[in-house]
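A quick write-up on the structure given underneath.
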Amino acid sequence: MPPNRIGSPSRRVEALSKLTGAARFVDDLGMEGMIHGITIRSPLPRGHLVGLHLDPSFDWSEVTVVGPSDIPGCNRVPLLDDDQPVLADGIVNHAEEPLLLLGHRDPAHLERARRAVRVEMLELPGVLTLRQALRNEAPEDPPVHPRGPLLKEITILKGDPGSQWGAADLVVEDEVETGAQEQLYIEPQGMMAWVQDGVVTVHGSLQCPFYVRRGLEVVLGLGPEKVRVIQAVTGGGFGGKEEYPTILAAHAALLALESGKPVKMIYDRAEDLAATTKRHPSLTRSRAAFSRQGTLLALDMELNLDAGAYTTLSPVVLSRAALHAPGPYRCQHTRVHGRAWATNTPPHGAFRGFGAPQGCFAIERLMDLAAARLGLDPAELRLRNLLRRGDTTATGQVMREEMDLHGLVELALAGSGYRRRRAEYEGANREAGPEDPRRGIGLAVFMHGAGFTGSGEVRLASRAGLELGAGGVVRILAASTEIGQGAATVLTQVACDALGAPAASIDVAVPDTSEVPDSGPTVASRTTMVVGSLVERAARGLREDLEREAGLAADADPEAVAEALRAMARGGPRRWMADYEHPEWVQWDEEAYVGDPYPTYAWAAYVAQVAVDPLTGETAVEDFLALQDAGTVVNPLLAEGQIEGGVAQGIGFALMEEVVWSGGRMANARLSNYVIPTAMDLPRIRVEFRETPAGYGPRGAKGMGELPLDGTAPAVLAALDQAMGTRLTRIPALPEQILPGLQAVRGPASRGGPGLQEVRGPASRGGPHA
Amino acid sequence: MPEPVAPVRLRMRVNGADHRLEAFPGERLLDVLRLLGMTGVKEGCGEGECGACGILMDGRLVNSCLVPAIQALGAEIVTIEGAATDPVLRQLQESFMERAGAQCGICTPGMVLAAGALLKRRRDPNEAEIRRALGGNLCRCTGYVKIIDSVLHAARRLNGAGEGHP
């Protein structure tokens, strides 16, 4: 295969700059006369802001101070709802909420200034956990949120689940919880801002330049031509730099406007952990009916998300959670009731998976429980219920695309030695001495809908294209950001492929809102599939013009294409643009929650093998097979890397990463006690692809960036079921939950077999549908 | 009020060049190196947990956020900016590009230097040894597989082996 085409393991286009230290991240930038900015934050989770007192004995003369009254536009972060202030005004709704901004050239002086501000607040009762919200403990006066504690409610209904409970052979009920999880990009949030000739420019670590631009237009009261947003090299995002950078950009821009100087704001790790968004904690109560043979007859799920203090993106996260909650299973009677609740914690937000991991965890835990009750192997129960082509999902979407979930699952079972190991561990665990490790193997089957949910892509109306410039270099014009996932390389390969050009002819524009069109945010596993398709179409247009106008032969080799590009470029710069066209066969009814929420899905079957140390409760993931079908793989090397990294995050989500909440704030906001997997905590994750091209992305490529977050934790928990002979329902599953679980089943009568014992996390209370 | 502390005069060798500078007793080597223009030294946590600020000081891997600058008096320091002149580090750079060991790139300088410290004392490490040697360097993108493959690839090349999958 020629290099840099679709399917080739091309080198990352920006690899050299990242290996030499030449890549400039935001903290590596500086400007003449630059000052630093910091944020004064709320010490309390909720209260009236009575006053911000500046110590008169401190020298404030050179310190820039910005409060809410200095905001020239609207003191609101424009997202789905305009409920979140840029700087709290009057009432504070979460700990760490920004109250005041300070700027000075000397960071040490700034730290002294921080200590010279006294925040006076009158504390108000708040609702600090999802369970409190569910128990209707949210204070009513003043309400925890203007729209009430319930920020969003969604119901998906197919058939009549209520008709099934009475006659079914088995009804299982379950309640599961997932904790908050920190994105933990290794580069903390950071932004620079300056004002020149009436234009406010921000340059920083971000995923979505046009989100930030819109935010600045609203907050600063400026037209789009007066705001410019440039992405710096970004050290990881994972959703954490989807919506949050808008606030930081607004803060930096306000300080720049007030001081007239360039401003840099870089969070340290503690501030980043305590103040920025995390994955939504969830609590799902579900009930399913089965026939004796294991056919899923009915499914009813009550899915709850903790949104935190403001709406941010929670309605869409809830939507994706609810849409993924029924899993890849056929079921005639399904109801999913999803609710996102306001609480007085920092707002939860986008994190890779975007609700799907919570929904997927609930259904996969439920399937494992049902398998145990039915006396079936969990893999066998899944095989009896998997969706097939032509089946209809809970929203009535007909699975039109070519798919073979049974084949995928069988391949994963064979590749992991699932059946053999399952039997082997069953015996070994029975014979194990008190100090011997207990082993287990577990499967998760799942999917991830690629692209924006519902009518989202229609609303985004993305645009991307190519510009032919001096020397015959074709520049990709897109707002899609390279954040480590490989977007720049993949888009280059797509353009090379459609043009037949060598990689040297292609260049990727820096995402800069004054230079590139709005190709939408870099989120939702949409860049390769949606933006890649636009680049592919634009490149085909250019190729056609090369053939028509310049007489390029249809079978021209890459050098001939490069030469034709150089010749055409002598006529001056030209552009080929493509606009999003919604496939007419994708129909979605936002009100009824009926139709095709996604044009296509990536499918996966993951198998985890674990060993639990009965003395310490520690779990080692000894083997992990991640098998997926995300259509055509554009770059196998980068795709493997992305899945490997996602599985690692999923193992952290399952076993390690606990946000400890205390009084509405993160009590472990340090890397020494919020622990993510190191090289020593992970096995050699094995990644395999099946490639069934879809009729949608470039050459049939689907989105896959978020996929590994959805099924990793359920696979690990399923393996823990076998190792422990008991089941856990809350993640992260830490040694302190695993150890008592193991001890509870030490008696020989209760080990393994149908009807696993249940061990709930210490926070769990109340039965299903309580 | 404590007495203002006077800066200390320092001399250190950074990537082969002599630098004379002043640093306050509490100042971190991380900040001093970044002020010298070595912005490949990254701050990820400021408490020695993530390894993004890793450098080689007299051949040893250290987290420069935990090292007072004055402790580097007379030291020989190598950052990622100086990697190209060192055969082991140069091969690691090449192997990380070849085997996709870098994704977002923020942990990469520290990762390369940590791997370099390993390969300088152990020519042919196995995977477990590599995992131990990189245990102090956090990466959130890769799951470490491609990083380990990059190090294995570099070791193979340095030991004179040709192309071959690690």
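Read the figures in this text as sums done on the coordinates, not as results from a lab. This structure is a prediction, so every number in the text was calculated from the model and none was measured. Quick reminder, even Gly has a Cβ in these numbers, built from the backbone with ideal geometry, and neighbours come from all protein chains shown.
The table for this structure:
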{"item": "Which listed residue, of A:Gly697, A:Gly705, is out of contact with any Phe, Trp or Tyr (no Cβ under 7 Å at 6 or more places or on another chain), surrounded by 20 or more Cβ atoms within 10 Å (Cβ to Cβ) and away from chain B (no Cβ under 14 Å)", "result": "A:Gly697"}
{"item": "Whichever residue in segment B:15-39 is among the aliphatic types (A, V, I, L, M) and not in a strand (DSSP E or B) and, among such residues, is farthest from the other protein chains (Cβ to nearest Cβ)", "result": "B:Leu29"}
{"item": "The one condition in (1) under 20 Å from A:Thr234 (Cβ atoms); (2) away from every other protein chain (no Cβ under 11 Å); (3) of a type outside the set (Ser, Thr, Tyr) that B:Ile77 fails to fulfil", "result": "(1)"}
{"item": "Conditions (1) surrounded by 15 or more Cβ atoms within 10 Å (Cβ to Cβ); (2) out of contact with any helix residue (DSSP H, G or I) (no Cβ under 9 Å at 6 or more places or on another chain); (3) more than 19 Å from A:His36 (Cβ to Cβ); number of the one not met by A:Ala138", "result": "(2)"}
{"item": "Failed criterion for A:Val176 (all others in (1) more than 14 Å from chain B (Cβ to nearest Cβ); (2) more than 30 Å from A:Thr395 (Cα to Cα); (3) crowded, with 24+ Cβ neighbours inside 10 Å; (4) touching a residue at least 60 places away in the same chain (Cβ under 8 Å) hold)", "result": "(2)"}
{"item": "Hits in segment A:132-162 (condition: under 24 Å from A:Asp81 (Cα atoms) and charged (D, E, K, R))", "result": "A:Glu137, A:Glu140, A:Asp141, A:Arg147, A:Lys152, A:Glu153"}
{"item": "Boolean, A:Glu217 is acidic (Asp, Glu) and within 14 Å of chain B (Cβ to nearest Cβ)", "result": "no"}
{"item": "Enumeration of residues in segment B:104-138 that are without any contact (Cβ under 8 Å) to a residue 40 or more places away in the chain and of a type in the set (S, T, N, Q)", "result": "B:Thr108, B:Asn126"}
{"item": "Matching residues, segment A:232-266, being away from chain B (no Cβ under 11 Å), under 23 Å from A:Glu182 (Cα atoms) and of a type outside the set (S, T, N, Q)", "result": "A:Ala232, A:Gly239, A:Glu242, A:Glu243, A:Tyr244, A:Pro245, A:Ile247, A:Leu248, A:Ala249, A:Ala250, A:His251, A:Met265"}
{"item": "Counted residues, segment A:657-689 - those being in contact with a Pro (Cβ under 6 Å, 6 or more places away or on another chain) and either without any contact (Cβ under 8 Å) to a residue 60 or more places away in the chain or within 14 Å of another protein chain (Cβ to nearest Cβ) (or both)", "result": "1"}
{"item": "Complete set of residues in segment A:281-312 that are part of a loop (DSSP other than H, G, I, E, B), within 30 Å of A:Met192 (Cβ to Cβ) and either touching a Gly at 6+ places or on another chain (Cβ under 9 Å) or among the small types (Gly, Ala, Ser) (or both)", "result": "A:Ala309, A:Thr312"}
{"item": "Condition met for A:Leu638 (within 9 Å of chain B (Cβ to nearest Cβ), touching a residue at least 40 places away in the same chain (Cβ under 8 Å) and closer than 22 Å to B:Glu49 by Cβ)", "result": "no"}
{"item": "Subset of segment A:352-375 [assigned to a loop (DSSP other than H, G, I, E, B) and out of contact with any helix residue (DSSP H, G or I) (no Cβ under 8 Å at 6 or more places or on another chain)]", "result": "A:Gly375"}
{"item": "Qualifying positions in segment B:50-96 - among the hydrophobic types (A, V, I, L, M, F, W, C), closer than 28 Å to A:Asn673 by Cβ and not in a helix (DSSP H, G or I)", "result": "B:Cys50, B:Ala52, B:Cys53, B:Ile55, B:Met57, B:Leu61, B:Val62, B:Cys65, B:Leu66, B:Val67"}
{"item": "Per-region count, segment A:6-53, residues more than 13 Å from chain B (Cβ to nearest Cβ) and in a loop (DSSP other than H, G, I, E, B)", "result": "11"}
{"item": "Hits in segment B:40-53 - residues which are over 22 Å from A:Leu29 (Cβ atoms) and either buried (at least 20 other Cβ atoms within 10 Å of the Cβ) or more than 11 Å from chain A (Cβ to nearest Cβ) (or both)", "result": "B:Glu49, B:Gly51"}
{"item": "Residues that are charged (D, E, K, R) and out of contact with any Leu (no Cβ under 7 Å at 6 or more places or on another chain), drawn from segment A:536-565", "result": "A:Glu536, A:Arg537, A:Arg540, A:Glu544, A:Asp545, A:Glu547, A:Arg548, A:Glu549, A:Asp555, A:Asp557, A:Glu559, A:Glu563"}
{"item": "Residue count for segment A:27-79, restricted to those that are out of contact with any strand residue (DSSP E or B) (no Cβ under 9 Å at 6 or more places or on another chain) and loosely packed, with under 14 Cβ neighbours inside 10 Å", "result": "8"}
{"item": "Every residue from segment A:411-463 that is of a type in the set (Asp, Glu) and more than 21 Å from A:Ala694 (Cα to Cα)", "result": "A:Glu424, A:Glu426, A:Glu431, A:Glu435, A:Asp436"}
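Rundown of residues vs (1) surrounded by 22 or more Cβ atoms within 10 Å (Cβ to Cβ); (2) closer than 14 Å to B:Ala154 by Cβ; (3) facing another protein chain (nearest Cβ under 8 Å); (4) charged (D, E, K, R), yes/no style:
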position	(1), (2), (3), (4)
B:Asp86	no, yes, no, yes
B:Gln93	yes, yes, yes, no
B:Gly101	yes, yes, no, no
B:Cys107	yes, no, yes, no
B:Met111	yes, yes, no, no
B:Gly116	yes, yes, no, no
B:Pro125	no, yes, no, no
B:Glu129	no, yes, no, yes
B:Arg132	no, no, yes, yes
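To keep it simple, each residue is scored yes or no on (1) among the polar types (S, T, N, Q); (2) part of a loop (DSSP other than H, G, I, E, B).
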residue	(1), (2)
A:Ala626	no, no
A:Glu640	no, no
A:Ala648	no, no
A:Gly652	no, no
A:Glu657	no, yes
A:Asn668	yes, yes
A:Asn673	yes, yes
A:Met680	no, no
A:Val687	no, no
